1. Restricting attention to the range 61-79, which residues are of a type outside the set (A, V, I, L, M), out of contact with any Leu (no Cβ under 6 Å at 6 or more places or on another chain) and in a helix (DSSP H, G or I)?
2. Does Ile58 qualify as being in contact with a Phe, Trp or Tyr (Cβ under 7 Å, 6 or more places away or on another chain), part of a helix (DSSP H, G or I) and modelled with pLDDT of 90 or more?
3. So which of Ala291, Ala347, Ala303 ends up being modelled with pLDDT under 75, in a helix (DSSP H, G or I) and of a type in the set (A, V, I, L, M)?
4. Given the criterion farther than 19 Å from Leu26 by Cβ, in contact (Cβ under 8 Å) with a residue 60 or more places away in the chain and small (Gly, Ala, Ser), identify the matching residue among Ser306, Ser319.
5. Pairs please, first residue from the range 236-249 and among the charged types (D, E, K, R), second anywhere and buried (at least 16 other Cβ atoms within 10 Å of the Cβ) and in a loop (DSSP other than H, G, I, E, B), Cβ atoms under 9 Å, 6+ apart in sequence or on different chains.
6. Criterion first (outside any loop (DSSP other than H, G, I, E, B) and surrounded by 15 or more Cβ atoms within 10 Å (Cβ to Cβ)) does Gly257 satisfy it?
7. Would a scan of the range 141-154 turn up a residue that is among the β-branched types (Val, Ile, Thr), at pLDDT 75 or above and more than 15 Å from Asp114 (Cβ to Cβ)?
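The values are calculated or read from the model by the stated rules, or taken from the named source; none is laboratory data. Everything numeric in this text was worked out from a predicted model, so none of it was measured. Cβ placement follows ideal geometry from the backbone for every residue including glycine, while neighbour counts extend to all protein chains displayed.
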Amino acid sequence: MTEDVTDNDIHEQKLSRGLKNRHIQLIAIGGAIGTGLFLGSGKSIHFAGPSILFAYLITGIICFFIMRSLGELLLSNLEYHSFVDFVRDYLGDMAAFITGWTYWFCWISLAMADLTAVGLYTQYWLPDVPQWLPGLIALIILLIMNLATVKLFGELEFWFALIKVIAILALTAIGLFMIFKGFSTHSGTAAFHNLWSHGGMFPNGLHGFLLSFQMVVFAFVGIELVGLTAGETKDPEKVIPKAINNIPVRVLLFYIGALLVIMSIYPWNVINPNESPFVQVFAAVGIIAAASIINFVVLTSAASASNSAVFSTSRMIYSLAKEHNAPGAMTKLTSRKVPGNALFFSAVVILIGIMLNYIMPEQVFTLITSISTICFIFIWGITVICHLKYRRTRPDLAKRNKFKMPLYPFSNYVVLGFLAFILIVLALAQDTRVSLFVTPVWFIMLIAIYKLRKPKSRQV
C-alpha cells in the first residue's frame with residue numbers, strides 16, 4: 001500500500017508542477033475577487049451602508065491570518081498537496097475524511113452560486129432567457145476545457161483574473177475622476193461626503209453592520225485556493241509566501257477601494273441589493289456601453305470562479321480516492337494527465353445547482369452562499385486548529401520554517417473567535433438561518449459514511 005501511494009505521488013508530480021509564478025499570483029487574485037464582491041456587495045451595502053468598508057477590512061485581516069497559517073503549514077512539509085494531507089497528520093483519518101469531502105462540497109456549492117450568477121448576469125442582456133440555461137452551457141464549456149490540460153486551467157484562470165483586475169482598476173480610476181470633477185448623476189453629485197451624508201457611516205446601526213458579514217465572508221471564500229495549488233507550483237517556497245503577503249494590498253485596492261468609489265458616486269441607499277452595484281453605477285451615469293462592459297466582466301468573474309471550482313473539486317476527489325476515501329475509479333487519469341472521472345463526477349453534482357435555479361430561482365443564491373460560507377468557515381477553522389497543533393507538537397520544525405504566522409497563538413484564537421461570530425450572524429437573518437439547520441446534516445452524513453467504511457478500509 002505504501003508503494004502505491006508513493007507511485008501515485010510521483011504520478012501527481014507529473015500531473016501537477018505545470019503552474020508558473022504568474023499563474024499562481026493571478027489565481028490568488030482571482031480566488032479573492034469573485035461573485036461575492038461583484039454581485040453580493042449590493043446586498044451587503046443594503047444591510048450595512050458605508051460601514052461595509054469596515055466589514056471588508058476586518059474580514060480581510062482575518063483572511064490574511066488564515067492564509068499565513070495555511071502557508072506555514074504547507075511550507076513545513078513540501079509533500080503536502082492539499083488540506084487533507086496536514087489534517088491527517090495533525091487531527092487523524094476521520095478529520096481528514098470530513099475535511100476533504102467538505103472542501104469538495106465547499107467548491108461544489110461555490111460553483112452552484114457562480115453558475116447562478118452566470119444566469120443572472122446573462123439576463124441583463126437577454127431577460128427572456130431562463131436563469132438555469134446559461135449556467136448549464138457554461139458548465140459544459142468549462143468541463144471540456146478542464147479535460148484538456150492542467151496548464152490550460154492555469155492559462156484560462158490567468159486571463160479571467162486579468163480581466164477582473166483591469167476592470168476594477170479602471171472602475172476605480174474612472175470613479176475617482178468623476179468624484180474629483182464633481183460629476184452629476186440623477187442621485188446627486190459624486191463626492192466622498194456621500195459616504196456619511198445619508199445617515200452616517202452606520203445608517204442601519206450595529207444590527208445592519210453585523211448582518212453584512214455573511215456576504216462579506218462569502219466574498220473572500222476561495223482565497224485559500226492558492227493553498228490548493230501548492231502541489232502544482234514550480235517553486236512553492238518562493239511563490240506561495242509572495243502570493244499570501246500580497247493579500248492585504250489586494251483587500252485595500254480591490255474591495256475597499258472599489259466600494260468606496262461606488263458609494264461616493266452612488267449613495268448607498270439608492271443601490272438595488274438584487275443587482276451588481278458595479279453595473280448600477282455606470283447605468284446611473286448614463287454610460288450604457290460601460291454598464292454592458294462591467295456586466296461582461298462580472299460574467300467572466302463568475303465563469304472564472306466556476307472554472308476554479310471544477311478544477312479544485314476534481315483534484316480533491318482525486319486526492320481522496322488515492323487515500324481510499326473515494327471510489328478507486330476517481331484516481332484514473334486521462335492520456336492528458338487529467339483526472340477525467342473525478343471531473344465528470346463533480347460536474348454531475350454541480351448540475352443539482354442548475355436544477356435548483358429551475359425550481360427556486362429567487363431564493364437559490366442566498367441559500368447556496370450561506371451553506372457555502374458555513375462549510376468554508378469549517379475549513380478555515382480546521383486549518384487554524386492544525387496550525388496550533390503543529391506549533392505545539394513540532395516546535396523544531398516550526399523553528400526552521402521561515403514563513404511564520406504573525407502574533408501566534410493570539411492571532412489563531414482571534415480567527416477562531418471571528419469564525420464563531422459569523423455563525424451567530426448567520427442565525428440572525430431569516431434567509432441565512434436555514435443553512436445552519438441544513439449544513440449539520442452534511443457533517444452527520446459524513447461521520448456515518450466514515451464509520452461504515454472504516455472496517456472496509458482496514459481490509460484494503
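1. Taking the range 61-79 first, the residues of a type outside the set (A, V, I, L, M) are 63-65, 68-69, 71-72, 76-77, 79.
In the following step, the residues that additionally are out of contact with any Leu (no Cβ under 6 Å at 6 or more places or on another chain) were identified as 63-65, 68-69, 71-72, 77, 79.
Scanning the range 61-79 gives Cys63, Phe64, Phe65, Arg68, Ser69, Gly71, Glu72.
2. Details: in contact with a Phe, Trp or Tyr (Cβ under 7 Å, 6 or more places away or on another chain): no; part of a helix (DSSP H, G or I): yes; modelled with pLDDT of 90 or more: yes.
No.
3. Details: Ala347 fails: modelled with pLDDT under 75; Ala303 fails: modelled with pLDDT under 75.
Among Ala291, Ala347, Ala303, only Ala291 is modelled with pLDDT under 75, in a helix (DSSP H, G or I) and of a type in the set (A, V, I, L, M).
4. On the way: Ser306 fails: farther than 19 Å from Leu26 by Cβ.
Answer to the check: Ser319.
5. Glu237/Phe403
6. Values: outside any loop (DSSP other than H, G, I, E, B): yes; surrounded by 15 or more Cβ atoms within 10 Å (Cβ to Cβ): yes.
Criteria met by Gly257.
7. Our first condition is that a residue be among the β-branched types (Val, Ile, Thr); within the range 141-154, this holds for 141, 144, 149-150.
Applying the additional criterion that residues be at pLDDT 75 or above yields 141, 144.
In the following step, the residues that additionally are more than 15 Å from Asp114 (Cβ to Cβ) were identified as 144.
Yes - at least one qualifying residue is present in the range 141-154.
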